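Presented below is the structure to which this report refers.
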Amino acid sequence: MNIRLFSIAVLMSALPLQSFAAGHEISLNHADFIAAEKVSPSGETVLNVKLSKSGKAKMKKLNASSVSKEVHVEVAGVASDFKLRVPIVGDEMQMGPYSAAEATKVADEINKK
């Protein structure tokens, strides 16, 4: 394969990542959490999570003007997108809703540490 075709292939493979990143204000992964608890306060299953230093730093970038922005979370092969309802000021937040099975899978992965 010549260098020109290789360069085009590399550029093409990066396109989905660029369009994905542009659609979300932030993206969180396993390293951004230190603990999770599954709860069902009003019939829907959500996770109460505690953020790690990296998670707090990412959430700190969001402010009051970021309410209703998209947040992407991917942990244990479960990808979810949700809208920020209120600014996060501490190291805890609630995310979801998830199916009961997905919530268990995500919580188990976060709590493995």
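The values are calculated or read from the model by the stated rules, or taken from the named source; none is laboratory data. Predicted model only: the values in this text are computed from it and were never measured. FYI the Cβ positions are ideal-geometry reconstructions off the backbone, even for glycines, and counts take in every protein chain you see.
See the values below:
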{"read-out": "Selection from region 51-88 of residues that are among the small types (Gly, Ala, Ser) and over 22 Å from Lys105 (Cβ atoms)", "value": "Ala57, Ala64, Ser65, Ser66, Ser68"}
{"read-out": "Restricting region 23-54 to residues that are aliphatic (A, V, I, L, M) and buried (at least 18 other Cβ atoms within 10 Å of the Cβ), the residue that is farthest from Lys83 (Cα to Cα)", "value": "Ala36"}
{"read-out": "Conditions (1) loosely packed, with under 15 Cβ neighbours inside 10 Å; (2) modelled with pLDDT of 85 or more: number failed by Ile110", "value": "(1)"}
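For (1) surrounded by 11 or more Cβ atoms within 10 Å (Cβ to Cβ); (2) part of a strand (DSSP E or B), each residue gets a yes or a no:
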{"position": "Ala57", "(1), (2)": "yes, no"}
{"position": "Val71", "(1), (2)": "yes, yes"}
{"position": "Gly90", "(1), (2)": "no, no"}
{"position": "Glu102", "(1), (2)": "yes, no"}
